[in-house]
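What follows is a short report on a single structure.
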């Protein structure tokens, strides 16, 4: 890799390549048909918790589904901002793109951890595996971001000047 690219930047770009299309599709399924979209496999754990334990009305269940879609689209938006930031070399070198990735990872990890807990409580093994895999991908990127040192600044030395010249 180039001297100004960090492993966490590359890892974040790979995460964005996965999460942006997948979570956008799931959010738009919820927007088009909230109840049907809520009972899709990635959202079934939340749907079962809402229907079994909270006993919400139909309108309140639609609102919960829309809140889930809003949360997913927030993560997608932060990942998209991260991808825009890494295309600019000056922002990438200064580490300015890491905040957007960090916010996406924070919100997404909380959502996936809640999904793991709800899927384990509901007994949905497929949803549990999906949320656990997504959570581990996000936590792996967080660990790389925490361990990785910032890229050293590259100082350009003018060529052709000897020590005697001013």
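The values are calculated or read from the model by the stated rules, or taken from the named source; none is laboratory data. Just so we're clear, the structure is a prediction, and the values are computed from it rather than from any experiment. Every residue, glycine as well, gets a Cβ built from its backbone with ideal geometry; the counts of neighbours run over all protein chains shown.
Can you confirm whether segment 131-139 contains a residue that is surrounded by fewer than 14 Cβ atoms within 10 Å (Cβ to Cβ) and within 15 Å of residue 42 (Cα to Cα)?
yes
Out of curiosity, is residue 116 assigned to a helix (DSSP H, G or I) and loosely packed, with under 15 Cβ neighbours inside 10 Å?
Answer is no for this residue.
Please count how many residues of segment 3-14 are touching a residue at least 40 places away in the same chain (Cβ under 8 Å), exposed (fewer than 14 other Cβ atoms within 10 Å of the Cβ) and in a helix (DSSP H, G or I).
Qualifying residue count for the region: 1.
Looking only at residues that are under 24 Å from residue 123 (Cα atoms) and without any contact (Cβ under 8 Å) to a residue 40 or more places away in the chain in segment 15-29, which one is surrounded by the fewest Cβ atoms within 10 Å (Cβ to Cβ)?
22
May I ask you to list the residues in segment 77-97 that are more than 12 Å from the chain's Cα centre (by Cα), buried (at least 17 other Cβ atoms within 10 Å of the Cβ) and touching a residue at least 40 places away in the same chain (Cβ under 8 Å)?
86, 92, 93, 97, listed by residue number.
Would segment 57-65 turn up any residue that is under 15 Å from residue 111 (Cα atoms) and in a helix (DSSP H, G or I)?
Checking segment 57-65: at least one residue is under 15 Å from residue 111 (Cα atoms) and in a helix (DSSP H, G or I).
Does any residue in segment 30-45 that is in contact (Cβ under 8 Å) with a residue 40 or more places away in the chain come within less than 8 Å, Cβ to Cβ, of a residue that is part of a loop (DSSP other than H, G, I, E, B) six or more places away or on a different chain, and which pairs are these?
The qualifying pairs are 44/124; 45/124.
Looking for whichever is out of contact with any strand residue (DSSP E or B) (no Cβ under 9 Å at 6 or more places or on another chain), part of a helix (DSSP H, G or I), at pLDDT 90 or above and closer than 22 Å to residue 132 by Cα here; the options are 35, 44. Which one fits?
Only one candidate passes the filter, namely 44.
Name the residues in segment 98-113 that are closer than 18 Å to residue 41 by Cβ and either surrounded by fewer than 14 Cβ atoms within 10 Å (Cβ to Cβ) or at pLDDT below 95 (or both), would you?
none
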